[in-house]
Ligand code: SF4
């Protein structure tokens, strides 16, 4: 299930925790869009070199895709269909959006442009937390945006939430209460999908700078673990299946929820994808490549990007399969897991850090919070 990813490198302002590549000056959007169309044409044979597969998903992420009008989103989709799908619609077409950009007109326009799934960056419904994150919306605006998406006819909505942080002056008990409120609010909305990530401190973010200057105190691991446990408990009780460490899909009568993100799932199974736009990454078999993170340079190159690339060794491919597979509910096959050695697998099984069922190794869901440690131990020399 290969995919096409488009990176929109523009934001209205920078959020405290974010280190994704984007710029705030939006005056170049028109020229950037022209270059994007030319990059699509220039790289239209990408999937022929990956075994002639036809990508089935389109994901417009960023940055802030909701800065674009419905007609701009429609133009991007039609060209992606033309260059990579022989003119046919994608099976899944996701667009990321921010609550402050939403209006009924825009939402209906994006829907008419073919968007089948939206992923909204809510992060929290708590106003002081949102202010500290430098988000541009408040809790009420997030609720209203969700209603607007429903009114516009979206039946597949994903919401992003962040846990594992303390706002200045907040105690752990207050942070737990805030998180509990966030989870109760999201359960009342019942979106089809929820992604929830622990706040990480990236060197290139405002938060990274705050930490370096001693202006941010990271919470204890036990606090983050308790928030993750609460997330798993409330979402399981609310009828969601956790199919990856950070991703939850609303259950239906189907054995596998149809609301899993097909695009993101293909990253975990190492399907090929092309990433278009500044800073976008692509993957084909054993080659990973990435476009430079420079909007002006991208516009000047007029679509003829010169991505940097790396070629993965056999050993790196096996490690990657294990690393990605163990983050999912499906786990990895015994054949793939064998690469880490019987001794390590036995040891992890005996202390409950791995489980073996139907010929597949999995990390039990109550150990997902420490999955990074488990995987690092398994792969250590
Ligand atoms: S979180 Fe989203 S809106 Fe905020 S700076 Fe990052 S990409 Fe932009």
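Just a few scattered comments:
- Considering residues of segment 4-18 that are closer than 25 Å to residue 34 by Cβ and in a loop (DSSP other than H, G, I, E, B) only, the residue nearest to the ligand (Cβ to nearest atom): 11
- Of all residues in segment 51-71 being more than 18 Å from the chain's Cα centre (by Cα) and within 16 Å of the ligand (Cβ to nearest atom), the one that is surrounded by the most Cβ atoms within 10 Å (Cβ to Cβ): 68
- Among the residues of segment 40-71, those that are within 25 Å of residue 106 (Cβ to Cβ) and in a helix (DSSP H, G or I) comprise 40, 65, 66, 67, 70, 71.
- In segment 133-149, the residues that are closer than 14 Å to residue 103 by Cα and touching a residue at least 24 places away in the same chain (Cβ under 8 Å) reach residues that are outside any loop (DSSP other than H, G, I, E, B) and within 13 Å of the ligand (Cβ to nearest atom) with C-beta atoms within less than 6 angstrom, at least six apart or across chains, in these pairs: 137/99; 137/100; 141/99; 142/99; 142/122; 145/99.
Where a number appears in this text, it was derived from the coordinates with a stated rule and is not lab data. In this text, all values refer to a predicted model and were calculated from it rather than measured experimentally. Note: ideal-geometry Cβ built from the backbone for every residue, glycine included; neighbour counts use all protein chains shown.
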